[in-house]
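**Q** Quick one: structure below, then a few questions.
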Amino acid sequence: MSGIGLLNEKPLHASLKQWYARPGDRLEVPVDGFVIDIVRDDLLIEIQTRNFFSLKSKLTKLALSHPVRLVYPIVQEKWIVRLATDSTRGAIRRKSPKRGRVEDLFWELVSIPQLLSNPNFSFEVLMIRGEEVRRYAGKRAWRRRGWVSEGRRLLEVMDQRLFREPADWLRFVPDGLESFTTRDLATGIDTGTELAQKMAYCLREGKMIELIGRRGRANLYRLPKKPRARGRLARGSVD
């Protein structure tokens, strides 16, 4: 069976799993040849902190016959702890100026956009306050001028966002954009063009928006037209 395995589990993943679990949930459960982080009734819950591509085959197969939820943390507030070295008396802790936002989910979601159109698939973002511990590995260390990461830790879950239906995903498209390019999208949500391109790709592959042509050199998109209501529903009745 394939799964993350408790022996290789990172502190952040373990903390998120314990935070997310409810009484009655089952942890590390074998299902259809895979190990599932959390099983809640008939819902299979996978927590992934990065690299969605590694889960693509697993999620695609499971979502054929099970409701599946992918839970992903985004670090809204990050603290960096540098452990003591020979030249310092104690650890140094500082707040990173970088702040994550919900839209950052699309950096990873580009690996599995087709799952958005699967009614068995849902996606949940946890906005967290986290801590990264670093140790000094010498001047020859490749990253961060000699500092290497020892791991990430969960300090607090600050917010949750659940995406289950097309309407949930389409909230990323600002009101009033009847047709738009990725530049329009980037301006509307105040982000870079590269992230807007990934967002448009995911929404298009998930059948949330349609490619209708070009505006100059840019692709032109629109929201799908809603089908016209018929019969009694067209008169405002409810079945």
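**Q** List the residue pairs whose Cβ atoms are under 7 Å apart, where the first residue sits in the range 173-201 and is in a loop (DSSP other than H, G, I, E, B) and modelled with pLDDT of 95 or more, the second is small (G, A, S) and open to solvent by 30 Å² or more (accessible area, probe 1.4 Å), and the two are 6 or more positions apart or on different chains.
**A** Within 7 Å, the pairs are T181/A218.
**Q** Could I ask something else about it? So how many residues does the range 167-190 have that are open to solvent by 20 Å² or more (accessible area, probe 1.4 Å) and in contact with a Lys or Arg (Cβ under 8 Å, 6 or more places away or on another chain)?
**A** Residues that pass the stated criteria total 2.
**Q** Shifting gears a bit: Please verify whether R50 is touching a residue at least 40 places away in the same chain (Cβ under 8 Å) and among the basic types (K, R), treating the condition exactly as stated.
**A** Numbers: touching a residue at least 40 places away in the same chain (Cβ under 8 Å): yes; among the basic types (K, R): yes.
It is true that R50 is touching a residue at least 40 places away in the same chain (Cβ under 8 Å) and among the basic types (K, R).
**Q** Give me a count of the residues in the range 74-91 that are surrounded by 13 or more Cβ atoms within 10 Å (Cβ to Cβ), out of contact with any helix residue (DSSP H, G or I) (no Cβ under 6 Å at 6 or more places or on another chain) and not hydroxyl-bearing (S, T, Y).
**A** At the first step, the residues of the range 74-91 found to be surrounded by 13 or more Cβ atoms within 10 Å (Cβ to Cβ) are 74-83, 85, 91.
Filter again for out of contact with any helix residue (DSSP H, G or I) (no Cβ under 6 Å at 6 or more places or on another chain), leaving 75-83, 85, 91.
Among the residues that remain, those that are also not hydroxyl-bearing (S, T, Y) are: 75-83, 91.
Here the count works out to 10.
**Q** Right, next: Determine, yes or no, whether K56 is under 18 Å from the mean Cα position of the chain (by Cα) and among the basic types (K, R). Give the derivation first.
**A** Details: under 18 Å from the mean Cα position of the chain (by Cα): yes; among the basic types (K, R): yes.
Yes: the conditions hold for K56.
**Q** I would also like to ask the following. Name the single residue, out of those in the range 218-237 being at pLDDT below 95 and closer than 28 Å to S111 by Cβ, that is most open to solvent (accessible area, probe 1.4 Å).
**A** Step one: list which residues in the range 218-237 are at pLDDT below 95, which gives 223-237.
From what is left, the residues that are closer than 28 Å to S111 by Cβ are 223-224.
Details: L223: 67, P224: 51 Å².
Going through the qualifying residues, I end up with L223.
**Q** May I pose another question? Quick one: would you say F123 is farther than 30 Å from I80 by Cα, out of contact with any helix residue (DSSP H, G or I) (no Cβ under 7 Å at 6 or more places or on another chain) and surrounded by 18 or more Cβ atoms within 10 Å (Cβ to Cβ)?
**A** On the way: farther than 30 Å from I80 by Cα: no; out of contact with any helix residue (DSSP H, G or I) (no Cβ under 7 Å at 6 or more places or on another chain): yes; surrounded by 18 or more Cβ atoms within 10 Å (Cβ to Cβ): yes.
No, not satisfied.
The values are calculated or read from the model by the stated rules, or taken from the named source; none is laboratory data. Quantities reported herein were computed from a predicted structural model and do not represent experimental measurements. Counting neighbours? That spans all protein chains shown, and the Cβs are built from the backbone with ideal geometry, glycine included. With ligands, DNA and RNA removed, areas are computed over all heavy atoms of the protein, side chains included. Shrake-Rupley method; radii C 1.70, N 1.55, O 1.52, S 1.80 Å.
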